[in-house]
Amino acid sequence: MVGFKKPSFSISYKVETEIASLNSHKSLRKVPAKADNKLLMATWNLANFGLQQRQAGHLELIAHIISCFDIVALQEIADDVRDLEKLLQILGTNYDCVYSDIGGNDERGAFIYDARKVARKGMIAELVIKTNRERQIDVIVGSEKESRTFIDYNRNPYMVNFDVKGFDFTLVNVHLYWSSEFLRAAEVTALGKWAKKRSELPDFQPPSKDIILLGDFNMPSFADDDPIYKPIRKYGFKAPLHETNNAEGSNLAGDKYYDQIFFLPKHTDDSFSGKIGVFDFDNALFKSFWSKNADDKEGRQRFHQYIRYYISDHRPLWAQFNL
């Protein structure tokens, strides 16, 4: 992992004021409150978490955002998990965490969840390519179609089976490869192919038929011919964010759809409440600094440099399910 450049300046703020601003903005953006009869899940790329030098106040703000949800899939967790452990201490004893070993780019995937409500059930695993037949992948990028032997994921998808009041589901935490569009398309094709096949197994075989793929897909758009989106649709997955009017992207500029939550309608549609969205925390935090710099290009750049280093360059994407 290569961290962002540390800002050479600081911002004066009070954690309590920033939390109040987050709560107000959460209501403005109509992020549902947690409820006994609903499951609120999210995915969030935390940008080199454990590598960049977050301060105690920043960890409190990150923890508060995570606490808005029942379960959160996290990407870009570093080999050094001390900040992750601090985050759990702030969240308190009601929260638990599981995480993978490091993969490509020395990253881990993790799940943080409210253990009063969410229970682990059975399988915890990293997804790997097992057979030669599974390795044969046809990939279309632009007008070119190529069949290639796919060796393995750069960062193995990390999957855990959970249960909430009888809603038995498997979350697959994904961070697709960035540097090659072809390899990224191969990864998502292999992932969709696996998930569809596993969802058709008898009930007694894990994982749950409710397989939910979520994480950083590095997918810039919802175009029908997008090489990342097209394979997911081919295998029957639904992108509920795509059906939301005026959906905002999960990058700080709000114009890219890197982070996604996908599921198979055949199994999961009945549980989905129809509510999904991106929480743009960056429009709530450090307003005093922003108001003094919003009209200045350099000032705006300094603000975004601060946000992406101390919080993240991705926004959380959330979805709600009925219990």
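Read-outs throughout are calculated quantities, based only on the coordinates presented, and are distinct from any laboratory measurement. Keep in mind the model is a prediction, meaning the values are calculated, not measured. Because the Cβ atoms are built from the backbone with ideal geometry, glycine has one as well, and the counts that use them run over all protein chains shown.
Based solely on its DSSP helices, what 222 nm [θ] is calculated for the chain when runs of n ≥ 4 H residues each add -39,500 (n - 2.57) and the sum is averaged over all residues, nearest 500 deg cm²/dmol?
Working: 9 runs with 90 residues, N = 323.
Calculated from helices alone, the mean residue ellipticity at 222 nm is -8000 deg cm²/dmol.
On C-alpha positions alone, give me the angle between the axis of helix 82-91 and the longest principal axis of the chain, in degrees, nearest 10. Once rounded, the angle reads 80 degrees.
With a threshold of 30 Å on the Cα-Cα distance, the over-threshold entries among Lys38/Lys121; Lys34/Lys130; Lys6/Lys117 are Lys34/Lys130; Lys6/Lys117.
Among the GluC sites (Glu not before Pro) found in the range 187-269, those both in a DSSP coil and sparsely packed, with 14 or fewer other Cβ atoms within 10 Å of their Cβ, are Glu200.
Sorting His58, His175 by the number of Cβ atoms found within 10 Å of their own Cβ, with the fewest placed first, yields His58, His175. Along the range 163-174 the Karplus relation, 6.51 cos²θ - 1.76 cosθ + 1.60 evaluated at θ = phi - 60°, assigns HN-Hα couplings of 9, 9, 6, x, 7, 9, 9, 10, 9, 10, 7, 10 Hz to successive residues, with x for each Gly and Pro. Residues of the range 286-323 with an amide N closer than 16 Å to a point placed 7 Å from the Cα of Lys30 along the Cα-to-Cβ direction: 318-321. Helix 297-310 and the longest principal axis of the C-alpha atoms of the chain enclose an angle of approximately 60°. With 5 Å bins beginning at zero, the pair-distance distribution over Cα atoms of the range 264-323 amounts to 4, 16, 19, 15, 10, 9, 9, 8, 7, 3, 0 %. Of all aspartates and glutamates in the structure, those lying under 13 Å Cα to Cα from Lys275, and not within fewer than 8 positions of it along the same chain, are Glu243. Taking a straight line from the alpha carbon of Lys5, these lysines sit under 21 Å away, with near neighbours fewer than eight places off in the same chain left out: Lys297.
One entry in (1) 45; (2) 61; (3) 49 is percent of Cα pairs over 25 Å apart calculated from the shown coordinates; its label is (3).
Taking the charge dipole of the range 70-114 about its Cα centre, with +1 at Lys and Arg Cβ atoms and -1 at Asp and Glu Cβ atoms, the residue from Gln89, Ala73, Tyr99 reaching farthest to the positive side is Gln89.
Residues whose amide H lies under 5 Å from that of Gly109, counting only those 5 or more places away or on a different chain, are Ser100; hydrogens are built 1.01 Å from N in the peptide plane. If only the Cβ of Lys and Arg carry +1 and only the Cβ of Asp and Glu carry -1, the dipole of the range 15-322 around its Cα centre is close to 540 debye.
Here the extension length gained between Val2 and Gln205 equals 69.1 nm, from 0.36 nm per residue of separation less the Cα-Cα distance.
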